[in-house]
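Rule-based calculations on the coordinates, nothing more; no lab input. Keep in mind the model is a prediction, meaning the values are calculated, not measured. Using ideal geometry, Cβ is built from the backbone for each residue, glycine included, and neighbour counts are taken over all protein chains shown.
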């Protein structure tokens, strides 16, 4: 696998991971007892920390990409293993 393909796949894993970890640990102003800014939505996060999200997303993306790459090298799960077309009578 070329390094550009690896970078592209890792980036996809990272973006997916960022969206997966984003809601964890976020609290509303009511939960934290913080005063709200005028015009702020009640559901807006009061403790949003992008650095923490980036760190969590990076760790998760490294783990997921590592599993993907080890599977790619060792051929544990192939496209033939997950082919569901016989279930629908397509073959």
| query | Stretch residue 4-residue 82 to full length: gain in nm at 0.36 nm per residue minus the Cα-Cα span? | reply | 25.5 nm
| How high is the FRET efficiency between residue 48 and residue 15 when r is their beta carbon distance and R₀ equals 25 Å, given to the nearest 0.05? | 0.90
| request: Note down the relative contact order for the chain as a percent, whole number, built from C-alpha pairs under 8 angstrom at least six residues apart. | output: 32
| message | Of the listed values [x] 80; [y] 181; [z] 105, identify the label whose number matches volume of the Cα convex hull per residue in Å³ calculated from this model. | response | [y]
| task | Round to a whole angstrom and tell me the spacing of the C-alpha centers of region 41-60 and region 8-28. | result | 9
| If one takes the longest principal axis of the Cα atoms in the chain, at what angle in degrees, from 0 to 90 and to the nearest 10, does the Cα axis of helix 3-21 lie? | 40
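How do 10-23, 36-49, 62-75 rank on mean C-beta neighbours within 10 Å, highest first? Write down the numbers at each step before the final one.
Details: 10-23: 15.3, 36-49: 11.0, 62-75: 12.7.
Top of the packing list down: 10-23, 62-75, 36-49.
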| message | What percentages make up the Cα-Cα pair-distance distribution of region 29-73 when the bins are 5 Å wide from 0? | response | 5, 18, 16, 11, 11, 11, 9, 8, 6, 4, 1
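Can you tell me how much longer the chain between residue 74 and residue 35 gets when fully stretched, taken as 0.36 nm per residue apart minus their C-alpha distance, in nm with one decimal? Spell out each step's value before the answer.
Details: separation 39, 0.36 × 39 = 14.04 nm, distance 5.43 nm.
This chain segment gains 8.6 nm when fully extended.
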